[in-house]
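The values are calculated or read from the model by the stated rules, or taken from the named source; none is laboratory data. Just so we're clear, the structure is a prediction, and the values are computed from it rather than from any experiment. Heads up, the Cβs are rebuilt from the backbone with ideal geometry, glycines too, and the neighbour counts pull from every protein chain shown. Just the protein is used for accessible areas: all its heavy atoms, side chains included, with ligands, DNA and RNA removed. Shrake-Rupley method; radii C 1.70, N 1.55, O 1.52, S 1.80 Å.
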Amino acid sequence: MSSITRLARRVAMAFGLGRQTADTDESRSTSTVQVALASGELRSDVPVMQLYGFASRSVPGSDLALTFISGDRTRAVAIASGDQRGRPSDLSPGDVAVYHPRTGSRIWLKGDGSIEISPAGKKLVINADVTIAGSLDASGDVKAGEISLQNHLTTGVEAGSGKSGPPASS
């Protein structure tokens, strides 16, 4: 086999697609997966490269994009993963979404510049002080500590034009 043929074969073997067959192993500093390749090959302990600052843990059945170091099919690295089973199907051109395939929770950056946050459990927790530079519209009650905006009691109420006292919890 000529050196050009060998080089062409290595380049052709440098990339591939596979399907994750077992849970991700998170016990090491770099996550690893087991992958079944289209040719029937099975590769274990395949390292998963992720973008700096981002982390995810793919599940069995996920599709994996692989690169093979120097075209060597025994030296795979997973460089991307996806799971078509739970992918949002309602995105418009230009939309971007961070989503959870199993629960449906997502952060949706829409093409018109708006952002929609939709937690599946209908609860969003923010562990920080929040400043809003704009209006806040709430369809439900708003609480500060134990004081309800819709149902709070007031103290020191007097008839006439005087002011009431501060709110009290109900």
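Here are the numbers:
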item	result
Verdict on GLY71 being open to solvent by less than 70 Å² (accessible area, probe 1.4 Å), over 14 Å from the mean Cα position of the chain (by Cα) and modelled with pLDDT under 95	yes
Qualifying residue in the stretch 145-159 (condition: loosely packed, with under 12 Cβ neighbours inside 10 Å and either in a strand (DSSP E or B) or within 28 Å of the chain's Cα centre (by Cα) (or both))	yes
Complete set of residues in the stretch 99-113 that are modelled with pLDDT under 95 and open to solvent by 70 Å² or more (accessible area, probe 1.4 Å)	TYR99, HIS100, ARG102, THR103
Of all residues in the stretch 1-33 being within 18 Å of ASP72 (Cα to Cα) and of a type in the set (Lys, Arg), the one that is least open to solvent (accessible area, probe 1.4 Å)	ARG6
Contacts under 9 angstrom Cβ, first residue in the stretch 1-28 being small (Gly, Ala, Ser), partner assigned to a helix (DSSP H, G or I) and open to solvent by less than 100 Å² (accessible area, probe 1.4 Å), 6 or more apart	ALA12/GLY71; ALA14/ILE69; ALA14/SER70; ALA14/GLY71
Test: residue in the stretch 123-137 that is open to solvent by less than 40 Å² (accessible area, probe 1.4 Å) and either assigned to a strand (DSSP E or B) or not small (Gly, Ala, Ser) (or both)	no
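Quick grid of which residues meet (1) closer than 30 Å to VAL98 by Cβ; (2) part of a loop (DSSP other than H, G, I, E, B); (3) in contact with an Asp or Glu (Cβ under 6 Å, 6 or more places away or on another chain):
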{"residue": "LEU7", "(1), (2), (3)": "no, no, no"}
{"residue": "GLY16", "(1), (2), (3)": "yes, no, no"}
{"residue": "GLY40", "(1), (2), (3)": "no, yes, no"}
{"residue": "SER44", "(1), (2), (3)": "yes, no, no"}
{"residue": "LEU51", "(1), (2), (3)": "yes, yes, no"}
{"residue": "SER70", "(1), (2), (3)": "no, no, no"}
{"residue": "ARG73", "(1), (2), (3)": "no, yes, no"}
{"residue": "VAL77", "(1), (2), (3)": "yes, no, no"}
